[in-house]
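The values are calculated or read from the model by the stated rules, or taken from the named source; none is laboratory data. These numbers come from a predicted model, not from an experiment. All Cβ positions, glycine included, derive from the backbone under ideal geometry; neighbour counts span all protein chains shown.
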Amino acid sequence: MAGITLSKLNKSFGALTVVHDIDLEIADKEFIILVGPSGCGKSTTLRMIAGLEEVTGGELVIGDQLVNDVPSKDRDIAMVFQNYALYPHMTVYKNMAFGLQLRKAPQDEIDVKVKEAAKILDIEHLLNRKPKALSGGQRQRVALGRAMVRNPAVFLLDEPLSNLDAKLRGTMRAEITKLHKRLDATFIYVTHDQVEAMTMADRIVVMKDGRILQVDTPQNLYDTPVNMFVAGFIGAPQ
Ligand code: ADP
Ligand code: MG
């Protein structure tokens with residue numbers, strides 16, 4: 001169970017405030033998408049939830065735990081990045097198993113989890129390959145698989161499809177939606193692609209200049225945007 005609550009969450013780098021006291025309640029198992037122009041604070045917000053960026057004000061609660069001071073490795077989360085961040089010298093199998101090995105999970109348990117995730121993601125035939133022998137879409141599946149084997153309550157995805165070509169992005173959008181339904185986890189997904197936001201999200205959070213302008217379902221955002229910025233961002237193709 002992992003709903004997430006951001007209360008007056010703030011992030012400053014020295015004198016520069018990039019996230020301004022934002023409030024947001026995310027329900028357990030919800031698929032939330034953060035959208036907004038480049039530099040508006042999406043990644044910083046996600047990185048605070050991940051514990052990769054220190055919170056400089058407010059409270060961050062995951063499940064029923066205040067996690068402001070909980071290190072990233074002790075949070076029940078997994079993160080998937082745009083650039084995959086796979087280990088180049090390890091096979092796909094090793095890439096997926098590595099996190100569990102660090103946690104000293106038993107080898108037979110690791111083996112079951114890696115193979116199960118590989119099957120769901122249709123990458124079983126790639127387990128012995130190195131990342132450089134994979135296509136972009138395959139690498140992104142491995143990155144998803146690496147997150148899946150940890151069975152986290154929360155998946156954090158930062159523009160996971162932005163390095164893929166348009167056709168593959170369409171396929172992977174559907175795959176990630178399917179994965180969310182199947183996994184019983186909360187997904188927080190950052191993108192600047194409004195098609196992704198409109199087709200994948202339970203609710204969309206529209207950000208601008210480190211503030212939240214509107215939080216609503218895709219349909220409601222489209223029908224009743226709070227201002228011209230939201231209307232333009234949601235309505236106009238970019
Ligand atoms: P987005 O993901 O929406 O494009 P970011 O969260 O990456 O935006 O960045 C928000 C703002 O914070 C930007 O102005 C960026 O330059 C600034 N920023 C991000 N990380 C740092 C950092 N480590 N030090 C200083 N400024 C940063
Ligand atoms: Mg970003």
### Task
Starting from region 172-195, take each residue that is in a loop (DSSP other than H, G, I, E, B) and list its partners that are at pLDDT 90 or above and more than 16 Å from ligand 2 (Cβ to nearest atom), counting only C-beta distances under 8 angstrom and pairs at least six apart or across chains.
Asp184/Lys29; Ala185/Lys29; Ala185/Pro152; Ala185/Ala153; Ala185/Val154; Ala185/Phe155
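Let's see how each residue does on (1) part of a helix (DSSP H, G or I); (2) within 21 Å of Leu183 (Cα to Cα):
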position: Leu86; (1), (2): no, no
position: Tyr93; (1), (2): yes, yes
position: Gly99; (1), (2): yes, yes
position: Val112; (1), (2): yes, yes
position: Asp122; (1), (2): no, yes
position: His125; (1), (2): yes, no
position: Gln138; (1), (2): yes, yes
position: Val142; (1), (2): yes, yes
position: Asn151; (1), (2): no, yes
### Summary
When every residue in region 183-203 that is of a type in the set (A, V, I, L, M) and away from ligand 1 (no atom under 14 Å from the Cβ) is compared, the one farthest from Ala231 (Cα to Cα) is Leu183
### Task
Kindly establish whether Ile33 is within 20 Å of Val154 (Cβ to Cβ), hydrophobic (A, V, I, L, M, F, W, C), touching a residue at least 60 places away in the same chain (Cβ under 8 Å) and within 16 Å of ligand 1 (Cβ to nearest atom).
yes
### Message
Criterion first (among the basic types (Lys, Arg), exposed (fewer than 11 other Cβ atoms within 10 Å of the Cβ) and either in a loop (DSSP other than H, G, I, E, B) or modelled with pLDDT of 95 or more (or both)) does Lys104 satisfy it?
### Response
yes
### Message
Quick check on Asp184: is it within 16 Å of ligand 2 (Cβ to nearest atom) and among the charged types (D, E, K, R)?
### Response
no
### Query
Which residue out of Leu66, Leu16 is more than 10 Å from ligand 1 (Cβ to nearest atom), among the hydrophobic types (A, V, I, L, M, F, W, C) and over 23 Å from Ile176 (Cα atoms)?
Leu66
### Task
Tell me the strands (runs of 3 or more DSSP E) entirely within region 1-81 that contain at least 1 residues that are modelled with pLDDT of 95 or more and within 16 Å of ligand 2 (Cβ to nearest atom).
4-13, 16-26, 31-35
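Can you go through Ala78, Ala97, Ala85 and tell me which one is free of Cβ contacts under 8 Å to residues at least 60 places away in the same chain, surrounded by 20 or more Cβ atoms within 10 Å (Cβ to Cβ) and away from ligand 1 (no atom under 15 Å from the Cβ)?
Of Ala78, Ala97, Ala85, the one residue that is free of Cβ contacts under 8 Å to residues at least 60 places away in the same chain, surrounded by 20 or more Cβ atoms within 10 Å (Cβ to Cβ) and away from ligand 1 (no atom under 15 Å from the Cβ) is Ala97.
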### Summary
Result of the Cβ filter at 6 Å on region 16-27, keeping first residues that are over 14 Å from Val55 (Cβ atoms) and partners that are among the β-branched types (Val, Ile, Thr) and within 16 Å of ligand 2 (Cβ to nearest atom), at least 6 apart or interchain, is Ile26/Ile32
#### Entry: All positions within region 141-190 that are surrounded by 24 or more Cβ atoms within 10 Å (Cβ to Cβ), over 22 Å from Asn95 (Cβ atoms) and in contact with a helix residue (DSSP H, G or I) (Cβ under 7 Å, 6 or more places away or on another chain)
Ile188, Val190
### Task
Examine region 129-150 for a residue that is closer than 21 Å to Ile77 by Cβ, within 16 Å of ligand 2 (Cβ to nearest atom) and of a type outside the set (Gly, Ala, Ser), and state whether such a residue exists.
no
### Query
Within the set of pairs 6 or more residues apart or between chains, which connect a residue that is closer than 20 Å to Ile26 by Cβ inside region 216-236 to a residue that is surrounded by fewer than 13 Cβ atoms within 10 Å (Cβ to Cβ) with Cβ atoms less than 8 Å apart?
Asp216/Thr224
### Query
How many residues does region 6-29 hold that are surrounded by fewer than 17 Cβ atoms within 10 Å (Cβ to Cβ) and either among the hydroxyl-bearing types (Ser, Thr, Tyr) or farther than 14 Å from Ile212 by Cβ (or both)?
9
